[in-house]
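Here the structure comes first, spelled out in structure tokens, and everything after it is commentary.
The values are calculated or read from the model by the stated rules, or taken from the named source; none is laboratory data. Predicted, not measured: the structure shown is a model, and the values here were computed from it. Methodologically, a virtual Cβ is constructed for each residue, glycine included, from the backbone with ideal geometry; neighbour enumeration extends over all protein chains shown.
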Amino acid sequence: MQPKVPSEITQISLNDATYKDCGVSIQPTLVNFFFGNNGTGKSTIAKAIKADTGTTWRTSKSAADYNIHVYNQDFINANLQNYHNMPGVFTVNEVNIEIQKQIEDKTTEKETASTALGIATEEKKKKEGANTALFSIFQDECWEKTKDLRETFDGTQTGKKRKQQFSEAILEIKTPKEHDRAALKRLYDAAYASDSKRYDEFKTIADTSALDKLGGIDILRKSIVSSANTPFAEFIKALNATAWVRQGHEQYRETPDSKCPYCQQKLPEKFEEDIKACFDAQYQNDITALKDFYDNYKQKANEIFAPLQSVPQDLYPEIDITIYNDKLAALKGIISTNLQQISEKIADPSIIISIDDTEATFKELNDIINEFNKLISENNAVIAAKPKKQAECKISVWELLAFTVKDEVNRYNTSKTTLEKEITAFSAQITTNKSTVQRITGEISDLNRQIVSTKATIDSVNTLLRDSGFQGFSIREKVDTPNVYEVIRPNGSIAENLSEGERNFIAFLYFYHLVRGSETADGGLRDKIVVIDDPVSSMDSSSLFIVSALVREMIDICHNNAEERVPIVQGNFIKQIFILTHNAYFHREITYNQVKYYQYVSFYLICKVDNKSSIRLCERQNPDIPTEKINVNPVQNSYAALWDEYKEVTSAIPLMNVIRRILEYYFLQLCGYDGAILRKRILMDHKDNFITHKEDGSEDTTQYQMASAMLSYISANSIGINDGMNYVDDCIDVVQSRETFEMIFTFMSQEQHYKMMMGIK
């Protein structure tokens, strides 16, 4: 979608008069049309622009950069006091020889200073170019040398990922510092990674000596033997089978039919009593203690070992548990071996054993766990304070980046300092020479003011009136009263009492020349903002037509700032224009053919309800291109209104203008005729119908020429003040124009339409 293109004033916010507390704000374009009835708030807009109240200007611009010309009642009152006093504009016309010689000398002096200014400017430009090249090299060096770091810590460089931005940021680091890259990477991963999260820590071993200090361990170093002295006990001891008998008895205590499990012979009646008598109470107690120790050792080992085997399910990625698993496997082997040895002593209590210590292995495992938990804790701390840690990480990364390229920074700063000193020296020369040029320019301006005359302006106004066919009055300088002018009637009398319309017309002509003319003694044109507030109040049709043409000319000058085209009017010094009116006819005249410039032209409708004013931008979706918008003129070209004007107008030039509008609207827009085809149908196919024969046999082609002119007229482009000036009032027969106009409808078989619009039955 093509947006509106902003111009010099990018926004106007109104909060005065009937706009008070209404929150009205608009974004004007290059050309701006406002339509509203009297009293709706048009003048408030004009005054706001003049006073620079509530206005927002494009970047780096302000009201001070432009001449703001506002045509309104205040302008009329200020410039037409007593109906005839008009201050002149500066325009060089007559040259005093002596003053001109001084100007030439000053000009030569100015050229010398300008040459020196040019040399200093060029040398400064070269040094600035060298400075730019130096920075470019520095950028490349920094960029390449920090490639790995930038990629590793990418998240810390948001907004500084271009060479220039990155290098400028490097230069701002005042304390380059080296950092542990691995630790910084862990901090970065936790603080910046999108998937960063908390992790569970490993279980630690509360008492690493718990197994080695387990109660009852002394039983392992005791040889457990029976002290019983029964004959059967002595027999078993002699066989050295005490342990074997005890084990067999424990395993086969209950035998079917009281038979020996080995030989299947009937056991003696007192066999159980004899077996029990082989083992004394101490022996039994030691065996029980040994078994209890085995059970306690195994249970305690499981209590300690089980949590160690259960590592966190979601493992911290920075941890390598290989060494942990190796150490855990070694511990498991020690415990298993110890349990095996204890089991062997249980099987043969008489043997003495010693089991391996586990404390050292437990401590090593605990150290590994503590290292793991330290990393996990650091990660979790970062996650808990992520914004703060991101800031800390960012500072550290940039310190490391700056440290990496510290040598390059030092070289750059040294060379830059040298270049900047040279640039400063040339800048001083530029300032001196520029001051000289400005001083001499001011002196030349003072001299030029002595030869300025306003006569050329008045001559231009009179020429404009004459060329426009205007005969109501002319203007001349009052005798012996410079810059005071008199309005002269066609009969030569002085117009002492001007009508309001005449007064407004003269004021607008002066305003037009003020906009067109130079306001500096050296003839330079400054950029201008033009505001026209209801210029045609109380004017007759002839004055209104001239004003409309002048306004269109100013609009065309303004358009030259935006469009790539062959200019209709030369110049682009009008940078923005605002036109406000309540006159529908004037509005249609100046907005003709402007609707199509959506990007550069805006139409506004001003309304007031309950003493509150509002402004509506008139636009709608383009029916042919739904993605674009088009302008809508709030004052539509009413076809019926054109016919009403046709019936009432009496002056030749306005009549021809209305005829052109009707022919173009009806035949080209409504009927769809091409202009060339329309000319052929009328001027070629019906040529004879427009020609009459006189009594002497000659042909009267007046009406044919009139018809040709009308059809050429509708195809002519608006060219400012010359628009519609093909004829002068006294060169056109109004009655004959109307007859020719009716004939065109008749020969196009549109007689019925003509009668309908004229109200003829």
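All but one of (1) touching a Leu at 6+ places or on another chain (Cβ under 6 Å); (2) within 30 Å of Lys177 (Cα to Cα) hold for Glu371; which doesn't?
(1)
For every residue, the table says whether it meets (1) modelled with pLDDT under 85; (2) out of contact with any strand residue (DSSP E or B) (no Cβ under 8 Å at 6 or more places or on another chain); (3) over 30 Å from Leu447 (Cβ atoms); (4) not assigned by TED's automatic domain parsing to the domain that holds Gln599.
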site: Val531; (1), (2), (3), (4): no, no, yes, no
site: Ser538; (1), (2), (3), (4): yes, yes, yes, no
site: Asp556; (1), (2), (3), (4): no, yes, yes, no
site: Gln570; (1), (2), (3), (4): yes, yes, no, no
site: Ile574; (1), (2), (3), (4): no, no, no, no
site: Ile577; (1), (2), (3), (4): no, no, yes, no
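Being within 26 Å of Asp357 (Cα to Cα), surrounded by 11 or more Cβ atoms within 10 Å (Cβ to Cβ), of a type in the set (Phe, Trp, Tyr) and modelled with pLDDT of 80 or more narrows it down to one residue among Tyr283, Tyr294; which is it?
Tyr294
Give me a count of the residues in the range 306-344 that are surrounded by 15 or more Cβ atoms within 10 Å (Cβ to Cβ) and either among the charged types (D, E, K, R) or touching a Cys at 6+ places or on another chain (Cβ under 8 Å) (or both).
Residues meeting the conditions: 3.
If I go through the range 665-689 residue by residue, how many of them are of a type outside the set (A, V, I, L, M, F, W, C) and either in a helix (DSSP H, G or I) or not assigned by TED's automatic domain parsing to the domain that holds Ile744 (or both)?
Of the residues in that region, 10 qualify.
Taking the range 601-617, which residues are surrounded by fewer than 19 Cβ atoms within 10 Å (Cβ to Cβ) and either more than 20 Å from Tyr19 (Cα to Cα) or out of contact with any strand residue (DSSP E or B) (no Cβ under 7 Å at 6 or more places or on another chain) (or both)?
Listed by number, the residues that qualify are Lys608, Val609, Asp610, Asn611, Lys612.
Under 6 Å between Cβ atoms, which residue pairs at least 6 apart in sequence (or on different chains) link something in the range 316-338 that is under 20 Å from Glu359 (Cβ atoms) with a partner that is assigned to a loop (DSSP other than H, G, I, E, B) and among the polar types (S, T, N, Q)?
Pairs found: Ile334/Thr358.
Does Asp723 fit the bill of being closer than 30 Å to Ile557 by Cβ, modelled with pLDDT under 85, among the acidic types (Asp, Glu) and in the same structural domain as Ser651 (by TED's automatic domain parsing)?
When the stated conditions are applied, Asp723 passes them.
Just checking, does the range 366-378 include any residue being surrounded by 15 or more Cβ atoms within 10 Å (Cβ to Cβ) and closer than 29 Å to Glu144 by Cβ?
no
Quick check on my filter: what residues within the range 649-659 are touching a residue at least 60 places away in the same chain (Cβ under 8 Å) and outside any loop (DSSP other than H, G, I, E, B)?
Ala652, Ile653, Pro654, Leu655, Met656, Asn657, Ile659
Under 8 Å between Cβ atoms, at least 6 apart or on separate chains: pull out the pairs that start in the range 669-686 with a residue that is surrounded by 11 or more Cβ atoms within 10 Å (Cβ to Cβ) and end on any residue that is assigned to a loop (DSSP other than H, G, I, E, B) and of a type in the set (Val, Ile, Thr).
Matching pairs, first to second residue: Gly675/Ile714.
Would you check if there is a residue in the range 707-715 being touching an Asp or Glu at 6+ places or on another chain (Cβ under 8 Å), under 30 Å from Asp556 (Cβ atoms), at pLDDT below 85 and surrounded by 13 or more Cβ atoms within 10 Å (Cβ to Cβ)?
Yes, some residue in the range 707-715 is touching an Asp or Glu at 6+ places or on another chain (Cβ under 8 Å), under 30 Å from Asp556 (Cβ atoms), at pLDDT below 85 and surrounded by 13 or more Cβ atoms within 10 Å (Cβ to Cβ).
Picking from Lys291, Lys300, which residue would you name as being touching a residue at least 60 places away in the same chain (Cβ under 8 Å) and basic (Lys, Arg)?
Numbers: Lys291 fails: touching a residue at least 60 places away in the same chain (Cβ under 8 Å).
Criteria check complete, one pass: Lys300.
Pairs needed: first member in the range 159-171, more than 13 Å from Phe138 (Cβ to Cβ); second member anywhere, acidic (Asp, Glu) and part of a helix (DSSP H, G or I); C-beta distance under 9 Å; at least 6 residues apart or different chains.
Lys160/Glu168; Lys161/Asp154
Only helices (runs of 4 or more DSSP H) wholly contained in the range 116-207 count here; list those with 1 or more residues that are modelled with pLDDT under 85 and buried (at least 16 other Cβ atoms within 10 Å of the Cβ). Talk me through it step by step, then tell me what you get.
Details: elements: 147-152, 163-172, 181-192.
The helices (runs of 4 or more DSSP H) meeting that bar are 181-192.
Restricting to the range 558-568, name every residue that is modelled with pLDDT under 90 and of a type outside the set (Asp, Glu).
Ala562, Arg565, Val566, Pro567, Ile568
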